[in-house]
Each structure stands twice: as structure tokens, then as C-alpha cells.
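The values are calculated or read from the model by the stated rules, or taken from the named source; none is laboratory data. Since the model is a prediction, treat every value here as computed from it, not as a measurement. Methodologically, a virtual Cβ is constructed for each residue, glycine included, from the backbone with ideal geometry; neighbour enumeration extends over all protein chains shown. Only protein heavy atoms, including side chains, enter the accessible area calculation; ligands, DNA and RNA are left aside. Shrake-Rupley method; radii C 1.70, N 1.55, O 1.52, S 1.80 Å.
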Amino acid sequence: MQRPLPARSHQSRVPDSSPENANVPNTLEPAVPCTYLFLLPLKQFTSSIANQHHSLPRMNPQPARMLKLKQTIYRNTHKMLFLISVRPHKQLVIAVLTLLLQSLHTLALDAADPAESRPSAADRPNILFIIADDASRDSMGIYGSTYVDTPNFDRIAREGVLFTQAYNCNPKCAPARACLLTGRYSWQLQEACNHNPFLSDRWAFYPFLLEDSGYCVGYTGKGWGPGEFSGYDASKSKDKLNPAGHPFQDKKLKPPYQGINNIDYAGNFEDFLAQLPGEKPFCFWFGTKEPHRGYGKDNWKLDGRDLSKVTVPAYYPDNATIRGDLADYAIEVEWYDQHIGSALKHLEQRGMLDNTLIIATSDHGMPFPRVKGQIYDDGFHIPLAVRWGNKIQPGRIVTDFITFPDVAPTIMAAAGVQLHPQMTGASFLPQLLSPNSGRIDVDRDHTLLGKERHDVGRTDGEQLSVGYPARAIRNDNYLYVRNFKPNRWPGGDPAYGLLNCDGSPTKSYLTGLSMADPDFRFYELSFGKRKQEELYDMKNDPDCIKNLANDPQMQNVKTELWLQLKQELSEQGDPRIVADGDIFDYYPNRQITRQQQLYNTPDYDPIELFNSRFGSTPTK
């Protein structure tokens, strides 16, 4: 028996900006002063107004003098906050002015997008967000894959727009998905910058903001996770509310091969559609668990695959073990694609296809060494295709840089819902609606990336379960990476099994090599320690093999990129730049028993450690 659409049980919240504990970072309070966390840079502020003003249907023109006045008020308020932040008794005044600033932001958005000019319920689009779990960009046929067949993803791109410069902000499941759902950069998300956190309830998630505005909201498969949300394990509590929506997980099927999940994603989407009341629009998160590991070993043989067609990246040795592992992975990417096709069919049968904004992507690259969880292009450069009936001119290819924090603002703008004050990403609705290909906005010429702690099993002296903090900037020509703790192992400590890398035949091959083996250099590329600075020529070295950071001819490029990265992270309030960045090492990983066993330390208590250092206990 199918459940009716559940009533809303999650109340969206504006983040609490109260200053009482502004110097005591934890999951309920800012890790840096609220002047950093809650203020949008002026460029971001005016961009959000412009996106709302120019993109939604039936916009009323905003008088230039009114917009200029609001910009001036915002600029002057920002200056006041900066001055007050360095003076005594700043906390109360900061709180008042922060609330004032948020009010001004809302007023400005109202002026640009008055309620009477927003789309009517009948005109509001449905939202279908389709996300793979660990599928690389270059595994999609339309991006040039030679051995993975993805006709349905490719169809979305052909009938809509394909983005060639889309990025995930942080290349691991939970932090990447947190960026998507909150519209916020990873280093602004406190505990949610890490993998497997205790996710606090201070964040607002776009599905429930849409629900508040009249949308029906649901999800199937994998939503946000892994981590703890509202007191339960989000990745295992299939019947519980998830930040991605209300669960629809009942339908199962018999998968064709071992390793593929038995969730019928498209069938659950069909159940959701069948229960929609009246003419209300919907927002559905369609999250396959493929191609996440594990795989049935040598499924490629059962499927009759030809290993000679497999493309091996330059950071791996080319042998039958690696090719077979990549072929097994390809089968699961195609399973993701098959469910896309079924979902499109369900929409077509109901006459809903052309009024549905369909976004197809993946959270990060494939679950292989040096890809998933790593700050290299194949880890964070993700596939992105969008279809929206006749709203999007088909067959376009856009080169504007898009990042996961931009997705929620885009969905909000398309739905005619005001931008939430917590969101620091920028809508790319203009890129969707433009008739042009290429670079639509010349300012979208780069993106920022980063990571903190992904998995356990990394230590630093006596400190357990630390991260591998890194930030990066990627533009059309270069990738610059800053590793803040190069003394640490990027893939996790070898003594604990290199746990920041999923187990696989590829990993086993690399870790089984002796130092005398000619292939040992590939082990070093995946698991060896890294320099503090890395610089790669993305035109000539897309696999990020040759580090140019010490090349005398590249010093000006390296310096300029670091200064730009540092400046923009400062503006965004990244604790690694403006405060105590080591707080990310102390946000507790929820797998406490596992860590106690791993380190043979039965009294290990990361919550107490956080409390002793920062004077407050993070919310569980």
C-alpha cells in the first residue's frame, strides 16, 4: 500500500545570527564573526537582484534610481559593520545591523521581484533534480566517453543546454550535497563542510523552501548523506525525512548484476507523480546510488564488454585490472542513465515533460583513487545538463563556470521564490534562458573549490580523525591548489588503510606494488604526500600530472591565482583564511564507535574534544 504525500514536518529556518557566543564556534553558531557568514559581497548582492529582475516571467522594470539607492544603503551598512567589528561592544550592534541588512536584502529582492509579478501556480515549473552517486563528467557520452553509453543524459543535453565548466565545490558526497541543498559554499557550512557530520538544523534546504511556497516535495534513492540528521543516520533511515525531501522508497526491482541497488528509482518517481494533488507543482530529488561501490567483480564479462574500448586516465597504469574495474563502473553509470530514461517517459506520459525543469548531474567523480574526494579535475569537474521545454533553446553548449552553490538559487529563481538570505551562490537562470552558446557572462570565468575532513583514518601527531584541508581555484587555463597541511596523507594514513579512498581492484593493484616496480609512480600519484602548492595547465594536462608550481616561468601565474583565491575566500568568510581553520578538524564525525575501534582508543570522544576546545557542544 502506497503512502499518501506526507504533510510537512520540517520547518525551514533562517540561520540564527544571535551574537551571544560569536567567539565560541559550534554547529549552531558561526565559526567566524557573523559579518563574514551572513553578508553577501556587494557584487553577489547586486547579481542576485539582477538575476531575479531579468530572468523571471512578467518582470516589472525596477527604476534605476531605486536599485542604486538600495546598493548604496547596502554598501554603507557593510562598511559600518566592518568598522564596528573591530571596536568594543561590537556583538549587539553586529546582530542588529545583520538583521537590518537581511531585511534590506529581502526588500531589494521584493522590489526586483514583486509578488504580483511572480509566476502563477499554473505557470510555475516542476523541478526534477537527477543526481548520480560518483559518476565522472567524462563518463557521459556527450562529453566524449568512448566506452559508456548514456543516451538519456545526452538527450537532456541535446534538448536543452550542456555546461562544460560545472563544478561541485567539494568533491565528496555529504559536503557536495550540502552545497546543493543550501546554496552555500562548503567552507561556509561549518560542520556540513565535512563528510559524515552531525548536521545541525540551522540550515534551510531548498526543497522545503519550495514546499513552503506551495510545491509538493519528495525524493528517492540517496538524498543528503552520509551523516546524522534529526537524530538518525540519513543514509540508512530510508523512511525518514531527508534534507532532499519526503521519502519515496517503497518500490524495488531485481537488478541485473551484483552490486547494483534494488531501489526502483523511476518507479518511486512514478508513485510520487501519481499522488500529486491537483495542479500543484512538484520538486523531486532523484538520487541513484550508482555508480557508487561496490561492484560485482567482472560484471563486464557477464555484460559482454570489450576492454579495448575502455579509456584509461594518465594517472593509472594501463592493464587488464584497471580496464576491468573501469568497465564494471561503466555498467553502473549506464544503470543511472536507464533510470533517467524511465523518468522522462513518466513525465511524457502525463504531459508534464515540457513544464518540468530537469537538471541532471553527479555529486563528484568516479570512486577510484585520485578522483573521488581529491582536489583534481576528475574529482570536482562534474557533468551538468538542463532541459526545460521551450524555455531553453535546445542544443546549446555554455562555458560559464557553474558551481553547486548556484543550483539552489537557480531553482528558487525559476520557481519564483525569493532568494533565501543564507544562500551565497548565484543563480544561473540567465544562462539557461539565453539563446546563446559559449560564455554568456564574462565574469563567470573561474570557480573556487575546497575540502576538509572526508573520511576517518588520518592522524596528525596525537590528534585523530583530522582532514586534509585544501582550497583551489580553477579557470579556463589553470588549476591552482593550496594544501594547508602537506605533512598529512591526502588519501588517509597508510597504517589505517588509506580510508579516504574506496576499496577497489584499482586500489588493491596500486597498494600492492613494491617501490621497485615501474608502476609505483602511479601509487605515488594517488596516495603520496603532496606539495603545499600545486599548479596545472588544464589545456595541456587535464589529468593533472605535471605540477608546475616550482616552474620559474609560472611564478607570476601562481602568485596571481593564490592572491585571487585568498581574496575571494576572505570575502566569503572561510575560516581557513580569516579565523581558526582547524575547527574543521574538530567537528565530530558521527561514526564514533568505528573511530574508537579503528584507533584502538575506547575512550575517544570527538564531541567532548570539540567541547573542551571551543567551549560548547555541537548539536547531535
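Structural remarks
- Residues located in region 486-521, provided they are crowded, with 16+ Cβ neighbours inside 10 Å and aliphatic (A, V, I, L, M): LEU498, LEU499, LEU510, LEU513
- The set of residues in region 254-279 that are in contact with a helix residue (DSSP H, G or I) (Cβ under 7 Å, 6 or more places away or on another chain), hydrophobic (A, V, I, L, M, F, W, C) and part of a loop (DSSP other than H, G, I, E, B) contains only ILE260.
- Region 578-608, residues that are without any contact (Cβ under 8 Å) to a residue 60 or more places away in the chain, assigned to a helix (DSSP H, G or I) and over 28 Å from the mean Cα position of the chain (by Cα): GLN596, GLN597, GLU608
- Of the residues GLY450, GLY425, the single one that is touching a Gly at 6+ places or on another chain (Cβ under 6 Å) and either modelled with pLDDT of 95 or more or in a loop (DSSP other than H, G, I, E, B) (or both) is GLY425.
- For PHE208, the requirement of being in contact with an Asp or Glu (Cβ under 7 Å, 6 or more places away or on another chain) and aromatic (Phe, Trp, Tyr) is not met.
- Looking only at residues in region 522-541 that are open to solvent by less than 70 Å² (accessible area, probe 1.4 Å) and in a loop (DSSP other than H, G, I, E, B), the one that is nearest to ASN483 (Cα to Cα) is ARG530.
- Pairing each residue of region 235-256 that is over 12 Å from THR220 (Cα atoms) with any residue that is assigned to a strand (DSSP E or B), provided the two are 6+ apart or on different chains, yields no C-beta distance under 6 Å.
- Count of region 287-337 residues which are farther than 30 Å from ILE359 by Cβ and among the hydroxyl-bearing types (Ser, Thr, Tyr): 3
- Region 368-409: number of residues that are over 26 Å from ARG293 (Cα atoms), in a loop (DSSP other than H, G, I, E, B), touching a Ser or Thr at 6+ places or on another chain (Cβ under 6 Å) and open to solvent by less than 10 Å² (accessible area, probe 1.4 Å): 1
- Region 373-409, residues that are polar (S, T, N, Q) and touching a residue at least 40 places away in the same chain (Cβ under 8 Å): GLN374, GLN393, THR399, THR403
- Only listed residue being more than 28 Å from ASN600 (Cα to Cα) and acidic (Asp, Glu), chosen from ASP537, ASP502: ASP537
- Taking every residue in region 120-138 that is within 30 Å of PRO542 (Cα to Cα) and in a strand (DSSP E or B) and pairing it with any residue that is hydroxyl-bearing (Ser, Thr, Tyr) and at pLDDT 95 or above, at least 6 positions away or on another chain, the pairs with Cβ-Cβ distances below 6 Å are ILE131/THR361; ALA132/THR288; ALA132/TYR336; ALA132/SER362.
- Of the listed requirements (1) closer than 24 Å to MET412 by Cβ; (2) open to solvent by 10 Å² or more (accessible area, probe 1.4 Å); (3) modelled with pLDDT of 95 or more, ASP201 misses just one: (3).
- Residue identified as touching a Gly at 6+ places or on another chain (Cβ under 7 Å), farther than 27 Å from ALA579 by Cα and of a type outside the set (Asp, Glu) among PHE527, PHE522: PHE527
- Among residues of region 480-512, those that are under 26 Å from GLN532 (Cβ atoms) and not in a loop (DSSP other than H, G, I, E, B), counted: 10
- Subset of region 543-577 [of a type in the set (A, V, I, L, M), open to solvent by 30 Å² or more (accessible area, probe 1.4 Å) and not in a loop (DSSP other than H, G, I, E, B)]: VAL557, LEU563, ILE577
- Filtered residues of region 313-363 (kept if open to solvent by 10 Å² or more (accessible area, probe 1.4 Å), in contact with a Leu (Cβ under 7 Å, 6 or more places away or on another chain) and within 30 Å of CYS179 (Cβ to Cβ)): HIS346, LEU353
- Selection count where residues are open to solvent by 10 Å² or more (accessible area, probe 1.4 Å), in a helix (DSSP H, G or I) and either farther than 26 Å from GLN564 by Cβ or modelled with pLDDT under 95 (or both), scope region 428-447: 1
- Within region 193-231, being more than 23 Å from LEU419 (Cβ to Cβ) and part of a loop (DSSP other than H, G, I, E, B) holds for ASN194, HIS195, ASN196, LYS222, GLY225, PRO226, GLY227, SER230, GLY231.
- Test: GLY379 is in contact with a Gly (Cβ under 6 Å, 6 or more places away or on another chain), closer than 30 Å to ASN483 by Cα and not basic (Lys, Arg): yes
Quick grid of which residues meet (1) in contact (Cβ under 8 Å) with a residue 12 or more places away in the chain; (2) surrounded by fewer than 24 Cβ atoms within 10 Å (Cβ to Cβ); (3) farther than 21 Å from SER465 by Cβ:
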site	(1), (2), (3)
TYR143	yes, yes, yes
VAL161	yes, no, yes
ALA166	yes, no, yes
CYS193	yes, no, no
PHE205	yes, no, yes
GLY259	yes, yes, yes
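- Filter result (assigned to a loop (DSSP other than H, G, I, E, B) and under 19 Å from TYR257 (Cβ atoms)) within region 303-323: ASP303, GLY304, ARG305, ASP306, VAL310
- Taking region 160-180 as the range and being farther than 21 Å from PRO575 by Cα and not in a loop (DSSP other than H, G, I, E, B) as the test, the residues that pass are VAL161, LEU162, PHE163, ALA166, TYR167, CYS173.
- Within region 145-159, the residues that satisfy the criterion of being open to solvent by 10 Å² or more (accessible area, probe 1.4 Å), outside any loop (DSSP other than H, G, I, E, B) and within 25 Å of ILE440 (Cβ to Cβ) are ASP154, ARG155, ARG158.
- Screening ARG184 on (1) open to solvent by less than 10 Å² (accessible area, probe 1.4 Å); (2) charged (D, E, K, R); (3) part of a helix (DSSP H, G or I); (4) touching a helix residue (DSSP H, G or I) at 6+ places or on another chain (Cβ under 8 Å) shows it passes everything except condition (3).
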